Amino acid sequence: MNQAARHIGRTLAFVLPVVLVLSGTLAVTRVPWAAPADSQVLTASSNTASTQARGLAPHEVLRDKLLTEMQEKNPGVALTHLQQATNGRPSLAKHCVEIARSLGRAAVAKYGPKQAQSYARPVCDTSYATGVQAR
């Protein structure tokens with residue numbers, strides 16, 4: 001019995017590292033290390049890198065994204081994503097009022113005051129409604 005346990009132990013001591021190395025190698029080969037050939041990658045030293053992207057703060061990027069989303073879908077979707085973003089990143093909460101007001105003003109420009117007000121939600125202390133009324 002003792003000799004059988006040693007034999008099993010030695011076999012495992014030899015086979016287990018081989019299996020781990022092979023499975024790790026196979027896992028690494030499945031990772032998409034390189035970008036697709038048709039995509040363009042810019043380095044930090046690239047002359048064509050956007051200067052605008054470097055200068056925007058996270059809340060400005062979020063505002064621009066939500067304004068675009070509001071134009072493509074509706075203010076309700078943008079307000080929901082604003083709430084989710086401020087819940088996910090508390091550092092954005094201090095800019096929530098400003099962003100919601102911007103969404104309200106943009107909604108009035110696109111939909112008119114009455115329809116824009118129909119999308120109001122209690123996001124950022126009803127700042128969206130304030131933006132709608134300010135127009």
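Kindly establish whether Leu79 is open to solvent by less than 70 Å² (accessible area, probe 1.4 Å), touching a Pro at 6+ places or on another chain (Cβ under 8 Å) and of a type in the set (A, V, I, L, M). Spelling it out, it is not the case that Leu79 is open to solvent by less than 70 Å² (accessible area, probe 1.4 Å), touching a Pro at 6+ places or on another chain (Cβ under 8 Å) and of a type in the set (A, V, I, L, M). On the stretch given as the stretch 82-94, residues that are buried (at least 18 other Cβ atoms within 10 Å of the Cβ) and not aliphatic (A, V, I, L, M) total 1. Every test in (1) at pLDDT 80 or above; (2) open to solvent by 80 Å² or more (accessible area, probe 1.4 Å) is passed by Gln117 save one, and that test is (2). Any residue at all in the stretch 49-56 that is crowded, with 18+ Cβ neighbours inside 10 Å, part of a loop (DSSP other than H, G, I, E, B), at pLDDT below 80 and within 22 Å of the chain's Cα centre (by Cα)? Checked against the condition, which is being crowded, with 18+ Cβ neighbours inside 10 Å, part of a loop (DSSP other than H, G, I, E, B), at pLDDT below 80 and within 22 Å of the chain's Cα centre (by Cα), the stretch 49-56 yields no hits at all.
The values are calculated or read from the model by the stated rules, or taken from the named source; none is laboratory data. All values reported here derive from a predicted model rather than from experimental measurement. Don't worry about glycine lacking a Cβ; one is built from the backbone with ideal geometry, like all the others, and counts go over all protein chains shown. Please note that ligands, DNA and RNA were not included when accessible areas were found on the heavy atoms of the full protein model with its side chains. Shrake-Rupley method; radii C 1.70, N 1.55, O 1.52, S 1.80 Å.
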